[in-house]
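Comments concern the structure below.
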């Protein structure tokens, strides 16, 4: 039976938003229900409590007749609860708890698909709101927010319930009251603030405040737990908040200041250079919005000053620290004694002076910093949450002073302060990292003076704790690990190898957080002293006699950019057999990651943040897939750093000589086809010697390039003789006498650090024997090739399993739109075209057709390529190294983004195609290596400038030798390229000057 009368009465008597009770089917229940509604209808208009009391008695009687399983119990509960709620609102009932219990039971009886589920949500939310209004119970308003969050999306547009839920005071009250809740950073508080933001769609008058409250809560959570996802979310929210504040908006300065703070926090955690620059720009604008006399002028001055200190600590620009000190002094002048921000301002000025002292060592800065720290310390009450910060800041100043004065009381106080700062901090508190940091410095400083072994042990232990502290960002941990390795080396502590291993693990994790190839290199070059870690680690292990591990460490630490990128191109044939589903999943994720990492990144900060977040999500999925693969039998070491046995496969066709240039020792390791590695000490050579040698080579080659081709290159001869005597002769002796390597066998050179800039393949004694015969040089004895890493050579060999029909493209650009013309390019292309076997599909791309797009298409579609044009190595950003085409440059990044596993050989007849950059020599980032990475197994490149007037002689001799046996068979074998280059440089001795013969090197198989 439908009781429309009752429903109508309830509608009429709802003095607030209306209650929509359900019909009852039992006649007795209907009569009592109607009687209850009749009484209740009189209550709002006549204001008589006995009407309410009578209505409640009738509704209670109905409820008593509806046991737990009765179909109308939910309706009876709702009628009684609604009447009680109205009485509570009118202050005629004091008990709201029973009312809420009744609404809860009704909701429980109306699950999600029940037609009155939404009504029950609304009723319970309304009751909770009223209890919060009268009792200020935070839990009630949070629950009401959750109920509205569930209710509103389920209410169809245009319905009555939708209108009263969204347009009435209910949801507005919920939003406003939630925003007024005390700020805290608990999971529950953040969850509620997320709900509130969703209740404030775009255009809502409270959306800006909701964004501010949620971003603040997440920022505080990040400060406590240091999850990169949290700080990214805070920045995203604050970017939106700022977008809602146009020029002149009252809250623009506040929103901009908040965004700058979050960017600075992320910079401290991740070290992204764009973040600190953007933060400083925002702080500058805030300062202009808050002029002299503004109540937050002092805070604005301090914030900008602190950001400049952070940038100075990273880049060392003296202008930044000079201005920072000035800004902090100006801020301090605005906060007199007793001001609530005076202690913070004192500490900020002290931090700036301390940073300046750390670089410039002006004792007055240190003295003032120490006094300022002491002045602000009493201002921090014992129960203040950041008191520990002032302890380890003062400790830092005392450590510096101890190093200067060697007064034991300073270091003892520094240690005591750090130990006090650790008290009361949880094991994962971010502040512990800084205490560990300064304890390690204090103990190591004292050990340097007093030589107490206990101090060294304590220093190492605190280095270890700081390096491993999980809530500190990777940059800080990497710095501690590097310093740990340095101290362990200097004092010959047994933990040195552990420290190096920690460096490699942290570096890889840090670099993998970056979403583009270029930003990965930025991350890798941001740390002083990091570039020598691979060779120093190898030197450490060599000195301990573990040559196999030395090879593994060199391989793990060098060429990280290539190793990380190549993971996404790992052949999956074996995995497809073991688990086709996992192979497909990893292949798809690798493709997505590869596409995401290729670009330099968006110039729009918000878009860059979004790309980074998406990249991190993909990386986590990829990592999870790899972890699952490692659980398969026979795949336990899938994509882990290679073992010695893994990389020894690179020496299958001949030994590989790894040349290690460390500040601690210089040596070579020969990896042979079988058995263990062989150590060749280069005891007469130091890193300083090698650095001088490479600089002398650079000068000699520049000088030779301007000489008459027929004049002797005496400077180069002297240098090449040094390379032979000091470096290559000891290696040759082992090859000949120990390994019994036959002459004209192939060898591969894998140079590190300073060795990468020395033409090792051209080592020559330039001496005559007693019988008037000439003493052989390295290239008389062996066929030399280079390899960036052993893994690169292994990968190239693995990709050679498939036989493909050869196709040869000659690409030349002698008349680019920008740059000097190369008159010999067309004749060189014609020469090469004639020398290529007619059995190969031959294509020539030159002139207007040799554009960036045309060259890329040729690289993708052909297995053999000869490229003649201008080449340019970009010393500041090696990924921008390029070949000059007609319209645009063909960059290394363009090449890396292509995957051409069928490619075989490339001859790069252009300048500077096989020389890496000074900043990261062990990453071997150059054009030839890029082509090898993209799929070309064998590459001829150049170490310096090529003279196009004489290069044709080398090119002609090279291809004549390479295709000597191909005219009849039609077989083109890229593994003969090293031999052909060796023969070519011998053949043109009378036609081509020494530096132009040396310029060509072979890389790969």
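The values are calculated or read from the model by the stated rules, or taken from the named source; none is laboratory data. Computed from a prediction, not measured in an experiment: that's the story for all the values here. FYI the Cβ positions are ideal-geometry reconstructions off the backbone, even for glycines, and counts take in every protein chain you see.
Residue 444 falls short on exactly one of the conditions (1) over 21 Å from residue 529 (Cβ atoms); (2) within 33 Å of the chain's Cα centre (by Cα); (3) in contact (Cβ under 8 Å) with a residue 24 or more places away in the chain, and that condition is (1). Kindly evaluate residue 755 against the criterion of being in contact with a strand residue (DSSP E or B) (Cβ under 8 Å, 6 or more places away or on another chain), outside the structural domain of residue 962 (by TED's automatic domain parsing) and outside any strand (DSSP E or B). So residue 755 passes the test. From the list 818, 770, 762, exactly one residue is surrounded by fewer than 18 Cβ atoms within 10 Å (Cβ to Cβ) and within 44 Å of the chain's Cα centre (by Cα). Which is it? Answer to the selection: 818. So, of the residues in segment 173-190 that are part of a helix (DSSP H, G or I) and out of contact with any helix residue (DSSP H, G or I) (no Cβ under 8 Å at 6 or more places or on another chain), which turns out to be farthest from residue 144 (Cα to Cα)? For segment 173-190, the residue satisfying everything is 187.
Checked against the criterion of being touching a strand residue (DSSP E or B) at 6+ places or on another chain (Cβ under 8 Å), assigned to a helix (DSSP H, G or I) and at pLDDT 90 or above, the candidates 651, 627 yield just one match: 651.
Assessment of segment 902-922 against the conditions (touching a helix residue (DSSP H, G or I) at 6+ places or on another chain (Cβ under 6 Å), part of a helix (DSSP H, G or I) and either free of Cβ contacts under 8 Å to residues at least 40 places away in the same chain or surrounded by fewer than 22 Cβ atoms within 10 Å (Cβ to Cβ) (or both)) yields no matching residue. Would you check if residue 396 is closer than 19 Å to residue 416 by Cα, surrounded by 23 or more Cβ atoms within 10 Å (Cβ to Cβ) and either under 32 Å from the mean Cα position of the chain (by Cα) or modelled with pLDDT of 90 or more (or both)? Against the criterion (closer than 19 Å to residue 416 by Cα, surrounded by 23 or more Cβ atoms within 10 Å (Cβ to Cβ) and either under 32 Å from the mean Cα position of the chain (by Cα) or modelled with pLDDT of 90 or more (or both)), residue 396 qualifies.
Taking the condition at pLDDT 90 or above, outside any loop (DSSP other than H, G, I, E, B), outside the structural domain of residue 153 (by TED's automatic domain parsing) and more than 28 Å from residue 617 (Cβ to Cβ), does residue 194 pass? No: the conditions fail for residue 194.
Close Cβ contacts (under 8 Å, 6 or more residues apart or on different chains) running from residues in segment 405-422 that are within 19 Å of residue 364 (Cα to Cα) and in the same structural domain as residue 448 (by TED's automatic domain parsing) to residues that are outside any helix (DSSP H, G or I) and modelled with pLDDT under 90 are absent.
The helices (runs of 4 or more DSSP H) found wholly in segment 114-172 and carrying at least 2 residues that are surrounded by fewer than 22 Cβ atoms within 10 Å (Cβ to Cβ) and at pLDDT below 85 occupy 160-166.
Kindly evaluate residue 472 against the criterion of being in contact with a helix residue (DSSP H, G or I) (Cβ under 6 Å, 6 or more places away or on another chain) and either farther than 22 Å from residue 375 by Cα or modelled with pLDDT under 90 (or both). So residue 472 passes the test.
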